[in-house]
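Here is the structure we will look at.
The numbers here are math on the coordinates, done by the rules we state, and not lab data. Just so it is clear, the structure is predicted and the values come from calculations on it, not from any experiment. Please note: Cβ atoms are built from the backbone with ideal geometry, for glycine as well, and neighbour counts cover all protein chains shown.
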Amino acid sequence: MNAITILDGGMGRELHRRGAPFRQPEWSALALTEAPDSVRQIHLDYIQAGAQVITANSYAVVPFHIGNQRFAAEAEQLADTAGRLAQEAARSSGRSVAVAASLPPLFGSYRPDLFDPAAAPSLADPLIRGLQPYADIWLAETQSSITEAAFWKNRLPDDGKPFWVSFTLDDSLPDHPPRLRSGESITAAAQAALQWHAGAMLFNCSRPEVMTDAVREAAAAVRAAGRSLRLGVYANAFEPAENGMNAANEGLDEIRTDTAPPNYLRWAQQWQAAGADIIGGCCGIGPEHIGVLANYFKT
């Protein structure tokens, strides 16, 4: 099997767990101004645990979380801060670590129905400008539809940096064939990623049980195309939401009790066997999980 690249884990719930300033609706964006040292330290802790790629804390820098007025006034600066903190952690660690610039859902997580292609450019451009000086990888993550992901690919500058795309899966029906939250197939998503010449296609922010079949289907689609494409997974530790995240700003999702590091590693072993060679964690997965992954996959 190919060597595994280790990603970091979640930022927002880790800030909350450590008692850093954290509230809804700002989510992890609040710490960019009120506790930047905490953001930097969490990046460092993930690196010390073994992460080879860390993700800038720009996920919540969208009007959905910080509001339209603050976004208009501060989005580029907040994105710059997120990128800078990640690069500072990477450089000070003394390790070879890449920074992935988080390109989030612009209109709310898990909501492909809300994507507005006419309004998207004015939201995307400040994030791109703020993150570009620090990005080693462009990471469009938690994408609910192929259209949403294609927007990011087409909006990015032609700067030679790898484009990674990560889709979130419908995990309300775990016994059904895997699909995006838009209802689109994994095969269609993989074909799109190949068309975009993506550096990697991943699945994130869905529960661990649905990931293995998604990786297996993506790997089959890539083989059928006679191409190569890195595949990856970073699952969350949330209980599944039946109707997406319509009330995402009204409270915190429950963290499952069966996603302790040893259990998470067992899922990760299944993802590797299915074809994944990039593995990390999303919401509720912390440095202790990444340490277990790194210790296992690097030995």
Query raised in the report: Order of Asp171, Asp136, Asp159 from fewest to most other C-beta atoms within 10 Å?
Result: Asp159, Asp136, Asp171
Query raised in the report: Contour minus end-to-end for Arg227 and His197, with contour as 0.36 nm per residue of separation and end-to-end as the Cα-Cα distance?
Result: 9.8 nm
Query raised in the report: In Å, what is the Rg of the alpha-carbon atoms in segment 52-103, and how long is Dmax?
Result: 12.4, 39
Requested in this report: Please report Asp37, Asp125 as a ranked list, fewest other C-beta atoms within 10 angstrom at the top and most at the bottom.
Outcome: Asp37, Asp125
Query raised in the report: Stretched out fully, how many nm does the piece from Ala119 to Ala188 gain, at 0.36 nm a residue minus the Cα gap?
Result: 22.3 nm
Query raised in the report: Could you give the dipole magnitude of segment 98-168 about its Cα centre, charging the beta-carbon of Lys and Arg +1 and that of Asp and Glu -1, in debye to the nearest 20?
Result: 40
Report task. Please figure out what share of the DSSP beta bridges in the chain is antiparallel and state it in percent, rounded to the nearest 5. Result -> 10
Report summary line: Semi-axes of segment 166-244 from the Cα gyration tensor (sqrt of 5 times each eigenvalue, largest first, whole Å) come to 22, 12, 10
Report summary line: Shape descriptor, the chain: equivalent ellipsoid semi-axes (Cα gyration tensor, sqrt 5λ, whole Å, largest first) stand at 25, 22, 20
Query raised in the report: For segment 154-195, what Kirkwood radius comes out of the mean inverse Cα-Cα distance, in Å?
Result: 12.0
Query raised in the report: Taking the Cα centre of each part, how many Å lie between segment 172-209 and segment 29-49?
Result: 29
Report summary line: Per-residue Cβ contact counts at 10 Å, fewest first, order Asp158, Asp45, Asp277 as Asp158, Asp277, Asp45
Report task. Using a 10 Å Cβ count of at most 16 others and DSSP loop calls, identify the longest part of the chain lacking such trypsin sites (Lys or Arg not before Pro). Result -> 96-226
Query raised in the report: Pick from Leu103, Leu169, Leu123: which residue has the top mean-square fluctuation in a GNM of the chain where Cα pairs under 10 Å get a spring?
Result: Leu123
Report summary line: Label model pair Lys161, Ala220: point-to-point distance (7 angstrom along the Cα→beta-carbon line) in nm is 3.6
Report task. Please say if segment 1-127 is rounded, prolate or oblate, where rounded means a/c under 1.5 for a ≥ b ≥ c the square roots of the C-alpha gyration tensor eigenvalues, and otherwise the choice is prolate for a/b larger than b/c and oblate otherwise? Result -> prolate
Query - Charged-residue dipole, Cβ positions (Lys, Arg, Asp, Glu), segment 5-297 about Cα centre, Debye nearest 20 - result: 640
Report task. Towards the positive end of the charge dipole of the chain, with charges on Cβ (+1 Lys, Arg; -1 Asp, Glu), say which of Ala86, Pro25, Phe64 has the farthest Cα. Result -> Ala86
**Report entry** the chain: most fluctuating residue of Asp80, Asp258, Asp170 per GNM, C-alpha cutoff 10 Å
**Finding:** Asp258
